[in-house]
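Heads up: the structure comes next, in structure tokens.
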Amino acid sequence: MKKFFTNILSSAIGTFVAISLFSTITFFIVISALIFTGEKVKDNLKKPVNKNSTYVFKIELSGNIEERPSSKKQILNIIKQKNYLHTLSSLTSVIDTAKKNKKIKGIYLKINNFTASWSVLKQIQKQLLDFKKSKKFIISFAKNLSEKNYLIASTADKIFLYPEGHIEWNGFHAQFTSIKELLDKIKLQIYVFRTGKFKSAVEPLLSKTISQENKLQIQNLITKRWNYLLNEISRPSVNKKVLNHLAKKYLYLSPEEALKYNFIDNIGTEWDAFYAINKNLKAKNLSAIPSFYNKDQNNFKFYITNIGDINKSKTKSKKCANDKKNICKNNQIAILYLNGDIQEGSAKDNNIGSINTVKILRSIKKNKKIKALVIRVNSPGGSALASDIIWSEIEILKKSIPVVTSIASVAASGAYYLSVGSNFIFAEPSSIVGSIGVFFVRPYTAQLTESLGIYGQNISTHNNVELFNSSEALSPSEQKRIQIMIKKTYDKFKYVIKKGRNLPIDKVSALATGRYWLADHAIKLGLVDKIGNLNDSINKAAELAKIKFYSTTNYPQSSYLDFNLAISLQNLLKTTLLSPFNFLFTNLTGLNKMSDTVNLYLHNINKLDSKGILTLMPDKITYK
């Protein structure tokens, strides 16, 4: 027996030593790869192949383009070899670089069914249209295009569509998914307390069918966004009067139909697009692959070359000339990105945590170089308590420096709650604003557990301790107590809006029905000050701070090392240790995808696990 344990112990020690040695060697290899990657990336950006040649800049849009995803998410995407993930910052940065570089004569825009929020789409479109002001060309190629993809493709001088491809052109729709019958079947009872007839976030738990109020606001939203899409198409040759007719008549537009109605210029393969690019470049060999400025165009590493601009804490303002550098260094405008659900405590995943946010706001207040704050909000809301904590901190900060809110795609419920603490509110044309109301959900699980043969008995010192115990039914007095809590939170929400927006309480009460609006309507209601993007918000913050020259500082701050380390790890693992398993890994990662319906069910069930009073807008609306 002694010998047995000795062998086990020696094997364990040997394994530990081997793992430690391997980890140390791997660490040094990664660091070496990191240094090599940084140098290669730097060269890739600054040194074209031939100084005397002209080039086209290739941008391939695929995957999900986010305004500013978390470092963790970007690192995971790099390691999983999703090479086409872009941020809005990286895209606008490289497009601006291409515009200013005299050797770059145009952009080759290859579109591969990417997704993006409306605010991100608008910024990409604006940047591409600005690029064209330099008298340079844009040629686009796609195999298939969704409506939102076409909005970006429409900026091109010439659009090529693959012969067997199509353009999806059938309008938008939203789906209401109820789990009421499922809850009844499994004998799970739900207590729901809410304010406002439009506060429909809990509706899937209560009803098999959508309410008229909820149907009205969703119908209004998707109709306005469809009309927004039609109005924003940048292609003059498209007859916008027939676009609705085509959406009613067709499910998809074939290449021939797309050509007939001037959606595209040519039906052809990517080689046909290359031919057109070479003609614009006046190349000798029109049938060759064009001279791409970004030679490593199919690798995410190229886009990471601009990581200094994307996540660098101090980005120079265009108003900062060389002789104003010291002024700009001491005049900073902080940009705080608040994205995701609002949660108490520290943020989980890519969400907004009250502890994290308060810590950042206090560090901004402490930093004497920061003269103003812009809060970029993109959130459906969340915890009422966390929203109030963040709002309260903004109120304190506002006494020291001006605060401007910039709404991206959505600032609803708790996100709007914290936004009204600012001095001025901008919203994008397609932004969702409002959903002023609160709700509380408490499940009763005894019938479900007993049907499974699980029984429990509670022992407590006082009766009210069972208030949040899901195995006990709520008594009438407990329900009354919860309703009082709900009303208190609701009244505070209305007070915050009254104070922040300087509106009469009667008007606030009329708006506090849980309904949400698009930005143009929100302005008329007094909930937003002006239509504008992030740059407009920064300019307004500078105006309120009375500073002419400034730099910007982004929060939360991301690490340059994290990104390069992830890239280096990916390359190292891909080319050495994991090379035999790459095919298997690529296919296994696809197994994690779930159907839209199951995701909606899980999204609703997750609400049952939420603690405290919530300020959330209704379920996320998808466009198909």
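The values are calculated or read from the model by the stated rules, or taken from the named source; none is laboratory data. This one's a predicted model, so the numbers in the text were calculated from it and none came from an experiment. Positions of Cβ are backbone-derived with ideal geometry, glycine not excepted, and every protein chain shown enters the neighbour counts. For the accessible areas, the whole protein counts, side chains as well, though only heavy atoms, and no ligand, DNA or RNA atoms are used. Shrake-Rupley method; radii C 1.70, N 1.55, O 1.52, S 1.80 Å.
Things to note:
- Residues of region 328-346 that are under 19 Å from the mean Cα position of the chain (by Cα) and over 16 Å from Ile360 (Cβ atoms): Asp341 alone.
- Per-region count, region 204-229, residues touching a helix residue (DSSP H, G or I) at 6+ places or on another chain (Cβ under 7 Å) and open to solvent by less than 10 Å² (accessible area, probe 1.4 Å): 4
- Residues in region 383-409 that are in contact with a Ser or Thr (Cβ under 7 Å, 6 or more places away or on another chain) and either on the phi > 0 side of the Ramachandran plot or open to solvent by less than 20 Å² (accessible area, probe 1.4 Å) (or both): Ala384, Ala386, Ser387, Ile390, Ile394, Val403, Val404, Thr405, Ser406, Ile407, Ala408, Ser409.
- Annotation: of all residues in region 241-282 being farther than 19 Å from Ser140 by Cβ and part of a loop (DSSP other than H, G, I, E, B), the one that is most open to solvent (accessible area, probe 1.4 Å) is Lys282.
- Listed by position, the helices (runs of 4 or more DSSP H) inside region 112-196 whose residues that are modelled with pLDDT under 95 and under 30 Å from Ala519 (Cβ atoms) number at least 1 are 118-132, 147-153.
- Contact map, region 319-339: residues that are open to solvent by 70 Å² or more (accessible area, probe 1.4 Å) paired with residues that are at pLDDT 90 or above, Cβ distance under 6 Å, separation 6+ or inter-chain. Pairs shown: Asn330/Lys369.
- Tally, over region 97-111, of residues that are in a helix (DSSP H, G or I) and open to solvent by 10 Å² or more (accessible area, probe 1.4 Å): 3
- Cross-chain or 6+ apart pairs with Cβ under 7 Å, region 488-507 first and farther than 11 Å from Trp391 by Cβ, then of a type in the set (Ser, Thr, Tyr) and surrounded by fewer than 19 Cβ atoms within 10 Å (Cβ to Cβ): Lys494/Ser509
- Residue check, Ser406 of a type in the set (S, T, N, Q), at pLDDT 95 or above and farther than 20 Å from Tyr516 by Cβ: no
- Test: residue in region 129-145 that is in contact with a Pro (Cβ under 8 Å, 6 or more places away or on another chain) and of a type in the set (Phe, Trp, Tyr): no
- Among the residues here, Gly500 does not qualify as small (Gly, Ala, Ser), at pLDDT 90 or above, in a loop (DSSP other than H, G, I, E, B) and surrounded by 13 or more Cβ atoms within 10 Å (Cβ to Cβ).
- Strands (runs of 3 or more DSSP E) fully within region 370-473 counting 1 or more residues that are touching a helix residue (DSSP H, G or I) at 6+ places or on another chain (Cβ under 9 Å), more than 26 Å from Lys187 (Cβ to Cβ) and not acidic (Asp, Glu): 370-379, 381-383, 403-412, 424-427, 432-434
- Evaluating Glu344 against the criteria (1) surrounded by 20 or more Cβ atoms within 10 Å (Cβ to Cβ); (2) modelled with pLDDT of 75 or more; (3) within 30 Å of Ser422 (Cβ to Cβ); (4) not hydroxyl-bearing (Ser, Thr, Tyr) leaves one unmet condition, (1).
- Positions within region 203-232 being over 13 Å from Ile432 (Cα atoms) and hydrophobic (A, V, I, L, M, F, W, C), in sequence order: Leu205, Leu206, Ile210, Leu216, Trp226, Leu229, Leu230
- When region 516-560 is filtered for residues that are part of a loop (DSSP other than H, G, I, E, B) and at pLDDT 90 or above, the ones remaining, listed by number, are Leu525, Gly526, Leu527, Val528, Asp529, Gly532, Asn533, Lys546, Ile547, Tyr550.
- Exclusive hit being modelled with pLDDT under 50 and within 19 Å of the chain's Cα centre (by Cα), set Asn83, Asn77: Asn83
- Test result for Ser475, over 37 Å from the mean Cα position of the chain (by Cα) and loosely packed, with under 13 Cβ neighbours inside 10 Å: no
- Qualifying residue in region 349-359 (condition: open to solvent by 60 Å² or more (accessible area, probe 1.4 Å) and in contact with a strand residue (DSSP E or B) (Cβ under 8 Å, 6 or more places away or on another chain)): no
- Flag not set for Ile222, criterion: over 23 Å from the mean Cα position of the chain (by Cα) and within 30 Å of Tyr150 (Cβ to Cβ).
- Selection status of Lys185, open to solvent by 10 Å² or more (accessible area, probe 1.4 Å), of a type in the set (D, E, K, R) and under 30 Å from Ser207 (Cα atoms): yes
- Ser200 vs. criteria touching a helix residue (DSSP H, G or I) at 6+ places or on another chain (Cβ under 7 Å), in a loop (DSSP other than H, G, I, E, B) and either under 30 Å from Tyr162 (Cβ atoms) or open to solvent by 80 Å² or more (accessible area, probe 1.4 Å) (or both): no
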